[in-house]
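Please treat every number below as a calculation from the coordinates, not as lab data. Just so it is clear, the model here is predicted, and its values are computed rather than measured. Glycine also receives a Cβ, built like all others from the backbone with ideal geometry; neighbour counts cover every protein chain displayed.
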Amino acid sequence: MSGMHRDRVETKQEIKKNEWHRHLCQLAATVFFNGYAKGFLSGKLYNGKGKYVCVPVLNCYSCPGALGACPIGALQAVAGGSRHSISFYILGSLMLVGTVIGRLACGFLCPFGFVQDILHKLPVPKVRIPQKADHLLRWIKYVLLLLLVLLLPALVADPFGQGTPWFCKYLCPAGTLEGGVFHMIANPQLRQMAGALFTWKVAVLALVLAGAVFIERFFCKYLCPLGAFYGLFNRFAFFRMQIDKHGCIDCGKCESVCPMNVKVREDINSAECIRCGRCKAACPAGAVRSSFQKNRAF
C-alpha cells in the first residue's frame, strides 16, 4: 500500500470514528431532552419544573417527550410586554451557551441537526449551491432571528407580555416534526381541526427535510435562528477551533469535508462552523485542533 493511499484510508477511518462519536452524542442528547416516555404513550405533555428551563437547542416544547423548553419558542413568548425579566433570563442563558461553546451545540446536541445528518447519508446525488447564492441565502437565518424571533414578538404582544411566537407558529420545521405531526397522528380530533396553517407547516417541513437530503445541514445553513444567534459568539467563545498555519500543508481536505462549507484555512472560527470536528479528523498533518482557551492564540 502506497503512503498516499494509506493516508487516504486513515483519513476516512478518522472521519468515520469522529462521526460515530458525534452521532452518539446527538442520540444521547435527543433522548435526554425528550426523556418523558409517558408523554409518547399518553399524548400528554410534561408540565413539571423542567419546562421552566430552556434546553440549548431547538427542541419543541410541544414534543410529547420534551423535558425542557425551546429557547427560541420561550424567547418569542415573553419578548414583549411586562415580562422583560424572563426574556433577559432566556437571552442570558443563550449568551452563556454561545460564550462557552459557540455552535458546538448545533454540531453535537441538536435533535433536528441529527435528523438532517441522517437524511444526508441517503445515497442520492448531492447539490452544491453556487458560492454567491450560498452566501446570500445564509443571511436568511439572521433576518428570521431579527424579524420573527425578536421584533415581531416584541411589538405584537398582549398587555400581559405574551408575544405571538411567529417563528414557531408559521415556520419552525423542528416543532412540526417533533410536536405537530405526532399530535395529529395520535389525536383524531386534532386531525379534524387541521387547516391551511398546518398544511403550510407540513409543506415547510417536507421542503426542509428534502433539502437536507441533497444539501448538508440545509436548515442550519439557511434558516435556523438559533444557529444564527450562536454563530455571533463563535469567534470569541471559550471553545474554539485552531489551525497551525506552519503545520498546514494546504491539501484542502479540511474544507472538502466541512458540512457547512467553511473556508477552514482562512476563517476556521467562522459563524457558520458547528464545531463538528470533521476538519480536525480529516487533517493528515494534525494541524487542526480544538480546545477551550482564554485567548485567540494557537
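Per-structure values
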read-out: In sequence order, calculated HN-Hα J values of the range 236-242 (Karplus, 6.51, -1.76, 1.60; Hz; x Gly/Pro); value: 10, 5, 4, 8, 9, 8, 9
read-out: The range 3-231 - convex hull of alpha carbons, volume per residue in Å³; value: 154 Å³
read-out: Cα centroid of the range 248-270 to Cα centroid of the range 191-213, whole Å; value: 34 Å
read-out: Nearest 10 degrees, 0 to 90: helix 3-33 Cα axis against the chain principal axis; value: 20 degrees
read-out: In sequence order, calculated HN-Hα J values of the range 176-185 (Karplus, 6.51, -1.76, 1.60; Hz; x Gly/Pro); value: 4, 5, 7, x, x, 4, 4, 5, 5, 5
read-out: Virtual spin-label span in nm between K38 and A210, 7 Å along Cα→Cβ; value: 4.1 nm
read-out: Sequence-distant residues sharing a close amide H with A69 (under 5 Å, placed H); value: V53, C54, V55
read-out: Order of I249, I86 under a 10 Å beta carbon neighbour criterion, fewest first; value: I249, I86
read-out: Amide H partners (placed H, <5 Å) of Y46, local residues excluded; value: A66
read-out: FRET efficiency for L147 and V100, using Cβ-Cβ distance with R0 set to 30 Å, rounded to 0.05; value: 0.65
read-out: Under 14 Å, Cβ to Cβ, from I129 - net charge with Lys/Arg +1 and Asp/Glu -1; value: +3
read-out: Estimated FRET transfer efficiency when R0 is 25 angstrom, pair K17-K126 (beta carbons, to 0.05); value: 0.65
read-out: Residues T199, T176, sorted so that the one with the fewest Cβ neighbours within 10 Å comes first; value: T199, T176
read-out: Loop sites in the range 35-103: chymotrypsin sites (Phe, Trp or Tyr not before Pro), DSSP, at most 14 other Cβ within 10 Å; value: none
read-out: Cβ-based exposure ranking for T99, T30, in which fewest neighbours within 10 Å come first; value: T99, T30
read-out: Neighbour cut-off at most 15 other Cβ (10 Å), DSSP loop, chymotrypsin sites (Phe, Trp or Tyr not before Pro), the range 143-194; value: F160
read-out: Sites matching trypsin sites (Lys or Arg not before Pro) across the range 205-282 that sit in DSSP coil, with at most 12 neighbouring C-beta atoms within 10 Å; value: K245, K263
read-out: Mean residue ellipticity (222 nm) of the chain, computed from DSSP H runs ≥ 4 via -39,500 (n - 2.57), nearest 500; value: -14000 deg cm²/dmol
read-out: Set of lysines near K253 by C-alpha distance (under 30 Å), chain-local residues within fewer than 8 positions excluded; value: K12, K16, K17, K121, K126, K132, K141, K221, K245, K263, K280, K294
read-out: Estimated vicinal HN-Hα couplings, Hz - the range 197-214 in sequence order (Karplus 6.51, -1.76, 1.60; Gly, Pro = x); value: 5, 5, 4, 4, 5, 5, 5, 4, 4, 4, 5, 5, 5, 5, x, 5, 5, 9
